[in-house]
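Heads up: the structure comes next, in structure tokens.
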Amino acid sequence: MTSQNAARGFASLAVHAGQEFDPTTGAVIPPVHFSTTYAQDGIGGLHGGYEYGRSGNPTRTALQRQLAAIEGAAHAFSFSSGLAAEDTLLRAVLRPGDEVLLSNDVYGGTYRLISRVLAPWGIGLRIVDMSDLSAVAAALEERPARIVWVETPSNPLLRITDIAGLAALGHAAGALVVVDNTFASPALQQPLALGADVVVHSTTKYIGGHSDVVGGALVLNDDALAAEVGFLQFGVGAVSGPLDAWLTTRGIKTLDLRMQQHSRNAAAVAELLEGHDRVARVYYPGLPGHPGHELAARQMSAFGGIVSLELESGEAARRFAESTQLFQLAESLGGVESLVNYPDAMTHASVRGTELAVPEEVVRLSVGIETVDDLLADVEQALRV
Ligand SMILES: *Cc1c(COP(=O)(O)O)cnc(C)c1O
């Protein structure tokens, strides 16, 4: 990050970092570089370090600079998916016999990656409720872990973990502290500034923001770890393609605006739900009654766009999820359009029957940036069905 970057605000960095105009044409938007290979001035005479598309691509470099700037970090790496980013980080850090301490409400794919892909290579896994730091302390006292991995807000129950407190506990036990910042995005929460070592993103969600590109990222400060991650990104090759990188870059330019509107709309939806007699419980960290409300107010600048609700039965939850009209029934989240998801049979079907199972009465809403009255009317009519 340049000293100029350090002085600029989030929205300015999101628009400008890595986005200098093209010096050959003056094009304000840098071109998308599709070339897989780069001409050399004599053997080894590279232009700007570019040699081959897996090792480096200018469009990917631009995105990586933009990602590092908006998380206030020294290094960022862009991958073909969130899980590819996670896999690269886990393999860069872990060795057979090491253990990961995972929060009990993480993305199902993260749990699957560790428990089913990495476990056969000798990686252990323990699960703990990280919104309870005393439980984390007890787990680390019982046995050290190489990595402490948390999602906050969590998916889909919006539990809030104290990132600074977790980082202190993790570091005292010699662990690397990883925060999956997908739900908040760097517009609302900056885990590295709170003491985390690595931020993970599924850029498929809010960062891309338009449900049209799958991608992932790792953002970190430590130079030695960055060298390991960079080596594996090159050596294994799960890089983002140029068009994917460019779409993600375009998404980031409006991230700040979008997150504010997502948060405003989600707050209105959460308030409507909270006052509704058909709704048993609302999960939204912006509501004063949410157990993590005060903590979220401290470590986030707004409460985000995800709201979960609990209805009286699994059947009522399914009926609600199938009755909205503007909220489309689909997996994923974080796009400009509102989505409804029934976790038990959709996003979280792979963790059914495990410690990460989601109650069958729960529905998750990804509240988009549409006109709020239309969203409220849609939720109301679906609750009446
Ligand atoms: C979607 C998601 C992932 C996985 O990312 P992909 O881009 O789908 O591979 C990881 N963490 C969270 C919180 C997610 O929502």
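Given a 1.4 Å probe and every protein chain left where it sits, what share in percent of the accessible area of the stretch 294-385 is carbon and sulfur?
Values: 1740 of 3810 Å².
So the carbon and sulfur contribution to the accessible surface is 46 percent.
Could you sort Ser211, Ser263 by accessible area so the largest value comes first, with the probe set to 1.4 Å?
On the way: Ser211 70, Ser263 10 Å².
Ranking Ser211, Ser263 by accessible area, largest first, yields Ser211, Ser263.
Just how many % of Cα pairs in the chain lie over 28 Å apart, if you round to the nearest whole percent?
On the way: 33372 of 73920 pairs.
When every Cα pair of the chain is considered, 45 percent fall beyond 28 Å.
What percent does the relative contact order of the chain come to when contacts are Cα pairs within less than 8 Å and at least six residues apart? Don't skip to the end; give the middle numbers.
On the way: 797 pairs, mean separation 62.6, N = 385.
Relative contact order comes out at 16 percent.
Taking N as the number of residues in the stretch 255-383, what value does Rg over Cα atoms divided by 2.2 N^0.38 Å take? If you can, show how the numbers build up before the last one.
Details: Rg = 13.9 Å, N = 129, 2.2 N^0.38 = 13.9 Å.
Compactness ratio reported: 1.00.
Test of understanding: in a Gaussian network model of the chain with alpha carbons linked when under 10 Å, which of Ala139, Ala317, Ala167 would top the mean-square fluctuation ranking?
Comparing Ala139, Ala317, Ala167 in the GNM, the peak value goes to Ala139.
Measuring from the lowest to the highest alpha carbon on each principal axis, how far does the stretch 1-117 reach, largest first, in angstroms?
51, 41, 22
Return a whole-number percent for the relative contact order of the stretch 255-383, with Cα pairs under 8 Å and 6 or more residues apart as the contact set.
Details: 229 pairs, mean separation 35.9, N = 129.
That works out to 28 percent.
Quick one: work out the % antiparallel among DSSP beta bridges in the stretch 255-383, nearest 5. Show your work: numbers first, answer last.
Working: 11 of 13 bridges.
Taking every DSSP beta bridge within the stretch 255-383, about 85 percent pair in antiparallel fashion.
So for each of 100-106, 374-380, 39-45 I average, over its residues, the number of other beta carbons within 10 Å; can you give me the resulting order with the highest mean first? Walk me through the numbers on the way to the answer.
Working: 100-106: 23.1, 374-380: 17.7, 39-45: 7.7.
In decreasing order of mean packing, 100-106, 374-380, 39-45 become 100-106, 374-380, 39-45.
Restricting to the stretch 3-252, what percent of DSSP beta bridges are antiparallel, rounded to 5?
Numbers: 13 of 29 bridges.
Of all bridge pairs located within the stretch 3-252, approximately 45 percent are antiparallel.
Could you give the angle, 0 to 90 degrees to the nearest 10, between helix 242-253's Cα long axis and the longest principal axis of the Cα atoms of the chain?
60 degrees
Per-residue accessible area for Tyr111 at 1.4 Å probe radius, Å² rounded to 10?
Counting only protein heavy atoms, the figure is 40 Å².
How many angstrom lie between the C-alpha centres of the stretch 185-208 and the stretch 17-64?
26 Å
If you find the alpha carbon centre of the stretch 126-146 and of the stretch 78-99, how far apart are they in angstrom?
21 Å
Write down the accessible area per residue of the chain in Å², having rolled a 1.4 Å probe over the full set of protein chains.
Details: 15800 Å² over 385 residues.
Per residue, the chain has an accessible area of 41 Å².
If one takes the longest principal axis of the Cα atoms in the chain, at what angle in degrees, from 0 to 90 and to the nearest 10, does the Cα axis of helix 163-172 lie?
In the chain, helix 163-172 runs at an angle near 60 degrees to the longest axis.
Summarise the accessible area of the stretch 3-252 (1.4 Å probe, protein heavy atoms) by the percent that is carbon and sulfur. Working shown, then result.
Numbers: 5610 of 9920 Å².
Of the solvent-accessible surface of the stretch 3-252, carbon and sulfur hold 57 percent.
Return one quarter of the surface area of the convex hull spanned by the alpha-carbon atoms of the stretch 101-204, equal to its mean projected area, in nm². It would help to have the intermediate numbers written out before the result.
Details: hull surface 24.9 nm².
Over all viewing directions, the stretch 101-204 projects a mean Cα-hull area of 6.2 nm².
On a 0 to 90° scale, report how tilted helix 82-93 is relative to the longest principal axis of the chain, with both axes built from alpha carbons and the result rounded to the nearest 10.
60 degrees
Once you keep just the Cα pairs under 8 angstrom separated by 6 or more residues, what percentage relative contact order results for the stretch 1-76? Provide the component values of the computation, followed by the final result.
Working: 82 pairs, mean separation 26.7, N = 76.
Across the stretch 1-76, relative contact order equals 35 percent.
The values are calculated or read from the model by the stated rules, or taken from the named source; none is laboratory data. These numbers were taken from a predicted model, which means no experiment stands behind them. Cβ coordinates were reconstructed from backbone atoms using ideal geometry, including for glycine residues, and neighbour counts include every protein chain displayed. Surface accessibility is based on the protein's heavy atoms, side chains included, excluding ligands, DNA and RNA. Shrake-Rupley method; radii C 1.70, N 1.55, O 1.52, S 1.80 Å.
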